[in-house]
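Visitor: Dropping the structure in here first, questions after.
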Ligand SMILES: [Zn+2]
């Protein structure tokens, strides 16, 4: 009851059959020197490959032709997608740093703290108080400092394909392709379509609107954007070498961009459409910051981790990594590079 997350239900939707991931690609030729440090990174995001030859209808066969989805090289597998199910759960988010007290009384002893922006599990609400569990402590917090919400019952897709680490030292293999689905005017990895839809719909139900401004990018698109950025620095007087280094901190070099996986979403909101630091002051960002981990998404490029990620703070860039990794990094404060090597 105290922490219903303990009741995670691992299940395989559908037949309950096993899934065999085909680890087709390996690094090495891509210049990666520390593959062994992050084993999951080598489990490339190839579409699961079918181990049987049962002529089952594939999801792609049901896609209306008018959707004009780019042709995937790996057809989506008819094997049911593996997901992690979660029971609905009451949680609350602290609007500011607040005391956790021994009883529902402002004069009772302080037994812990709930930092601003952190989420606690709600055991029960009692008048103006919430009986909460946070960081191993249970106690009472005044409801006037809390935002309440109910984590929906949800199935989050999972698998090594979701964990892929992509950065300047973990390149996607040449010719990497993924089965795509259309979403909000862009394209995402077909396996995360439903969870993307759920996250956008749930935010809307909480009064928050998102606008997707970028998701999947092909190698060609990524390369063109990178070259454009390099050229802009050359025009400012940088040498080619310096321009390339500078450009890469803002627009990733081809095969180092998460956008090529279809697992990264650039999200803004209709009232603030710029992709800059100002997005962090919007309701849309606050909603994502509080909730995205429940949908398997992380704030990939954090303000305090730029030394490690080598990428500027990007409050608009949200990456699907699966629920377990998303919740763990949210709890620890690590960036994804730290999570993958620890
Ligand atoms: Zn992005």
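Visitor: Taking the stated definitions as given, is residue 204 under 16 Å from the mean Cα position of the chain (by Cα), away from the ligand (no atom under 16 Å from the Cβ) and surrounded by fewer than 16 Cβ atoms within 10 Å (Cβ to Cβ)?
Guide: So residue 204 fails the test.
Visitor: Let me ask you something else. Looking at the range 262-297, which of the residues that are in a strand (DSSP E or B) and either farther than 17 Å from residue 205 by Cα or free of Cβ contacts under 8 Å to residues at least 60 places away in the same chain (or both) is farthest from the chain's Cα centre (by Cα)?
Guide: That would be 272.
Visitor: Does any residue in the range 197-214 that is closer than 19 Å to residue 157 by Cβ and in contact (Cβ under 8 Å) with a residue 40 or more places away in the chain come within less than 8 Å, Cβ to Cβ, of a residue that is away from the ligand (no atom under 16 Å from the Cβ) and not in a helix (DSSP H, G or I) six or more places away or on a different chain, and which pairs are these?
Guide: Matching pairs, first to second residue: 198/152; 198/154; 202/152; 203/209.
Visitor: Provide a single number: the residues in the range 250-261 that are away from the ligand (no atom under 11 Å from the Cβ) and free of Cβ contacts under 8 Å to residues at least 60 places away in the same chain.
Guide: Here the count works out to 1.
Visitor: Given the condition within 14 Å of the ligand (Cβ to nearest atom) and either at positive phi or at pLDDT 95 or above (or both), answer yes or no: does some residue in the range 278-286 qualify?
Guide: Checked against the condition, which is being within 14 Å of the ligand (Cβ to nearest atom) and either at positive phi or at pLDDT 95 or above (or both), the range 278-286 yields at least one hit.
Visitor: So which strands (runs of 3 or more DSSP E) are wholly in the range 143-238 and hold at least 1 residues that are under 24 Å from residue 285 (Cα atoms) and modelled with pLDDT under 95?
Guide: So the answer is 146-151, 154-157.
Visitor: Looking only at the range 310-318, decide whether some residue is surrounded by fewer than 20 Cβ atoms within 10 Å (Cβ to Cβ), away from the ligand (no atom under 14 Å from the Cβ) and farther than 25 Å from residue 190 by Cα.
Guide: So far as the range 310-318 goes, yes, one or more of its residues are surrounded by fewer than 20 Cβ atoms within 10 Å (Cβ to Cβ), away from the ligand (no atom under 14 Å from the Cβ) and farther than 25 Å from residue 190 by Cα.
The values are calculated or read from the model by the stated rules, or taken from the named source; none is laboratory data. Keep in mind it's a predicted model, so treat the numbers as computed, not measured. All Cβ positions, even for glycine, are placed from backbone atoms using ideal geometry, and neighbour counts span all protein chains on display.
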